[in-house]
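K.L.:
First, the structure itself, so that you have it in front of you.
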Amino acid sequence: MRSRVLRGILTATAVLMATRGDSAATGRTQVGAIPPQPLAISADTRLLVIAPHPDDEVLGAGGLMQHVNEAGGQVRVVYLTNGDAYRAGVRLEQRAVKISARDFRSYGRRRQKEARAALATLGLDPDATTFLSFPDQGLCRMTRTYWSDHSRPYRSPYTRLDRPPLDGLLVPDTEYRGEDLTVELAQLIGHYRPTLILVPRKEDQHPDHSAASFFLYDALAGVRRVFPEYTADVLNYIVHYKSWPFEDNRLSLPPPPGLSGGASGWISVPLTQDEMRAKRDALRRYRTQQHAMKWFLDGFVRSNEVFSRPAPTRVVLPLKHQSCS
Ligand SMILES: [Zn+2]
């Protein structure tokens, strides 16, 4: 166990020790079964949306976040990366062929600002955000080669960073390693205690998105070792899956064809006209993404959003047999 874990404080220490200690020792975690149940939103709902990149939270759940807010519940979004490795997008903003590490970092900071503006447009608190600043395009590799401190941390070939900036850290000495991201997530969940968590489905074809689900399940297992009574309803959303949702141009959003509805069938959350308008306006706050892929963003502004519940999931990290391509 690394020394910085021992320097944790109060409940953070317990969460950290259980998370790092168990998973480091055994590499095995178990996520308990959640019985099928309808999606219940109330003033008691504490929603945590896990977004691999700024904009995923609005694409997948811009409507559901509004529902929770309108019901008097709490909404928080944790961004795993700043989306700063999008070379084509950086080129568009810089209007230059040659771009530097500084340009990638600047692009990430801009996407952070856009994220806050987007949440405000949805009527949410723009400060209910946590930017973990892990490496865009690097999360999948952190579930494998760069999982533990047995190896050097991952270094982004885009930003040239191998750790998040100090001012955003929940845990000191965090570097670009998978177990460090798990600890950061466990820390956040242990403090915020969400009742409802949204995370991309593991079948999402963007490697960062698929990896996000593994990190959540690993973090939840760590939190439950410290707080055995803690439970949360986990729902999956999906952003990248073949040509979905663009193969269907109806106003309503069908589930991705060929994917099962998970543990309790597909859950469709209807959006009112006002909620759709707010979601579209929120996506317009992501100006960098509008420049690069407006057509993609617009494809998610529909009269409903779709979610599924994961089947009971057993996660073994680091992963041995997963392609990051
Ligand atoms: Zn994304």
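K.L.:
Can you give the Rg and Dmax of the chain based on its C-alpha atoms, in angstrom?
P.N.:
18.6, 55
K.L.:
Could you work out how far apart the two model spin labels at PHE227 and ASP44 are, taking each label as a point 7 Å from the Cα in the direction of the beta carbon, and quote it in nm?
P.N.:
Going from the PHE227 label point to the ASP44 one covers 1.5 nm.
K.L.:
Next up: Determine the percent antiparallel among the DSSP beta bridges restricted to the chain, to the nearest 5.
P.N.:
If we restrict to bridges inside the chain, about 30 percent are antiparallel.
K.L.:
Here's another thing I want to ask about it. For every other residue with a beta carbon closer than 11 angstrom to the beta carbon of THR121, add +1 if it is Lys or Arg and -1 if Asp or Glu, then tell me the sum.
P.N.:
+4
K.L.:
Any chance you could run the full-extension gain for ALA96 through ASP281? It's 0.36 nm times the residue separation minus the Cα-Cα distance, nm to one decimal.
P.N.:
63.7 nm
K.L.:
Could I have the simple spin-label model distance between THR145 and ASP125, label points 7 Å from Cα toward Cβ, reported in nm to one decimal?
P.N.:
Roughly 4.1 nm, to one decimal.
K.L.:
Here is a follow-up. Is it possible to state the helix-based mean residue ellipticity at 222 nm for the chain, with each DSSP H run of 4+ residues giving -39500 (n - 2.57), the sum divided by total residues, to the nearest 500 deg cm²/dmol? What is it?
P.N.:
Calculated at 222 nm, the ellipticity per residue is -12500 deg cm²/dmol.
K.L.:
Oh, and also: Check the straight Cα-Cα distances from LYS242 and name the aspartates and glutamates below 18 Å, setting aside those fewer than 8 residues away within the same chain.
P.N.:
By straight Cα distance, LYS242 reaches ASP56, GLU203, ASP204, ASP208, ASP298, GLU305.
Since every read-out is calculated from the coordinates, none of them should be taken as a lab result. Not measured: the values here are computed from a predicted model. Neighbour counts are summed over all protein chains in view; Cβ atoms, including those assigned to glycine, are modelled from backbone coordinates with ideal geometry.
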